[in-house]
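Throughout, read-outs are computed from the coordinates displayed, never taken from laboratory work. Because the structure is a prediction, the values reported are computed rather than measured. Cβ sites come from the backbone with ideal geometry, for glycine too, and all protein chains shown count toward neighbours.
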Amino acid sequence: MASHNPARQNLTRVVAWMMGALLSFSVSALAVRALGKQLNIFEILTIRSGFGVLALLALIAARPDLRHEIAPRYMGFHIARNTTHFVGQYAWALAVTLLPFATVFSLEFTTPAWVALLAALVLGERMTKSRLGSVILGFIGVVVIVRPGSTSFQPMALMVLFAAFCFAVSLIITKQLTNRVSTFTIIFWMNVIQLPLALAWPVVVSLTGGPSLFIFRLGADLIVPALAMGAVGLSSHFCLTQAFRSGDATVVVPLDFLRIPLIAVIGWLFYAEKLDAFVFAGAGFIICGVLWNLSAESRRAGASVAASTKKAQAAET
């Protein structure tokens, strides 16, 4: 009879969920690029949030016990988080339509460095050597990728850095919310708040003599990208959350970095984007910074648990 290894089973689950997340993030970029040929960014984000709202309402209808989780509590946090996240999503989606995929995904990975910096400045968290190192290596990676002052400098790359900063602010606020509400509550209000933010501009344009609402202009060639955009908007975060539940961050985060080579190959296959050595070199600096800080944080957490256990054992004797 074959023996079962729990650690191996957990690793298999982590890899499976991360493959789902990586595929979802990649499909999201492809969908944005395809939809961006005929729709503006507000319309694309309306599709994403609209699909999310419909899916979540269907889930609530099937699971009445979830209704108590959507009570409008801590709305100041929700509004601040989702307004910031929406601005970041807009900047990210705009960059995806104008820059190579690998450049966008590499610069997006500066988000952890922004989080470390903001946590120190806003929350008063200690700036350890590893956190400072991740910020410095992230900055070096950005310089290598963006190459300011060179003929290959692309100003739109700064838009990705702005998006990463917005995502970091959103994560800082999320950290405050997770102590108060469930993940479902956060995701529900994310979609409910961001839907009117995205839909407002298309409605105004339509009512003032501009093109009709995009839903009436969706051609057959956009149906598949639109459905894909809506689906992966939920599946990407769901798969990533499940991966973190199935295994430690020290396993999940390195797998997440596979996004960069994967999207680079996808960009090369679908859009003949060059595999830029500077992008991979810069991404290497950013990844090293994240892994260094992750390793240090894991050691600190382990030491803290060991110290607490030892103290408890001493108290019992």
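Across segment 88-206, the relative contact order, built from alpha-carbon pairs under 8 Å that are at least six residues apart, equals 38 percent. Principal semi-axes of the equivalent ellipsoid, √(5λ) from the alpha carbon gyration tensor of segment 121-237, are 34, 24, 14 Å from largest down.
Its DSSP H runs of at least 4 residues, each contributing -39,500 (n - 2.57), put the calculated 222 nm mean residue ellipticity of the chain at -27000 deg cm²/dmol, to the nearest 500. For the pair segment 236-288 and segment 199-231, the centres of their Cα atoms are 30 angstrom apart. Based on the convex hull around the alpha carbon atoms, segment 250-298 presents an average projected area of 3.4 nm². Arranged from fewest to most other beta-carbon atoms within 10 Å of their beta carbon, I260, I60 become I60, I260.
The Cβ shell under 13 Å around S295 holds other residues with a net charge of +2, Lys and Arg each +1, Asp and Glu each -1.
Along its three principal directions, the equivalent ellipsoid of segment 58-165 from the Cα gyration tensor extends over semi-axes of 33, 21, 11 Å, largest first. Based on C-alpha pairs under 8 angstrom that are at least 6 apart in sequence, segment 14-316 has a relative contact order of 40 percent. P(r) tail for the chain, what percent of Cα pairs lie past 32 Å? Everything past 32 Å amounts to 33 percent. Think of each Lys and Arg Cβ as +1 and each Asp and Glu Cβ as -1; about the Cα centre, that makes the dipole of the chain roughly 560 debye. To the nearest ten degrees, helix 111-122 and the longest principal axis of the Cα atoms of the chain are 70 degrees apart. With all projection directions averaged, the alpha carbon convex hull of segment 1-95 covers 10.0 nm².
Nearest 10 degrees, 0 to 90: what angle lies between the long axis of helix 259-271 and the longest principal axis of the chain (Cα atoms)? The angle comes out at about 20 degrees.
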